[in-house]
């Protein structure tokens with residue numbers, strides 16, 4: 001049996017305040033996925049809850065990028081030359097002038113390998129182009 005508990009908001013509550021309040025979502029996952037989530041969260045030094053929240057947040061962006069890319073491929077197949085003005089998930093090598101080493105002030109995702117990059121970790125940001133962020137192993141790969 002499964003149930004969801006919801007509450008009605010008082011009509012006097014500020015809409016901005018309503019958005020800031022976090023909601024809890026319960027879900028069932030296989031034991032192997034739970035173990036993987038716990039291991040990844042521990043490796044990153046964050047809670048499982050934060051890891052899941054970050055992954056879900058990035059998943060919607062990735063799905064949007066896949067849809068945008070598929071539309072761009074369809075336009076190219078039709079011979080259309082208009083470009084999507086949205087930034088790509090990966091930096092265009094022709095647009096990147098340099099890679100600047102940085103220490104992350106916020107959690108991020110590597111634009112090349114999709115590795116989760118926790119706050120405080122060293123990474124690199126593209127100078128020029130769409131300011132993509134890459135992890136240090138990907139930066140080393142780009143140097144070769």
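A few notes on this one:
- A full extension of the chain between residue 47 and residue 130 corresponds to an added length of 26.9 nm, given 0.36 nm per residue minus the alpha carbon distance.
- When each of the peptides 97-106, 131-140 is scored by how many other beta carbons lie within 10 Å of its residues on average, the order from highest to lowest is 131-140, 97-106.
- Most tightly packed first, judged by the mean number of other beta-carbon atoms within 10 Å of their residues, the peptides 47-59, 24-36 read 47-59, 24-36.
- Label positions at residue 39 and residue 27, each projected 7 Å from the Cα along the C-beta direction, are separated by 2.0 nm.
- With R₀ fixed at 30 Å, the C-beta to C-beta distance from residue 58 to residue 144 puts the FRET efficiency at about 0.65.
Where a number appears in this text, it was derived from the coordinates with a stated rule and is not lab data. In this text the structure is predicted, and so the values were computed from the model without any measurement. Methodologically, a virtual Cβ is constructed for each residue, glycine included, from the backbone with ideal geometry; neighbour enumeration extends over all protein chains shown.
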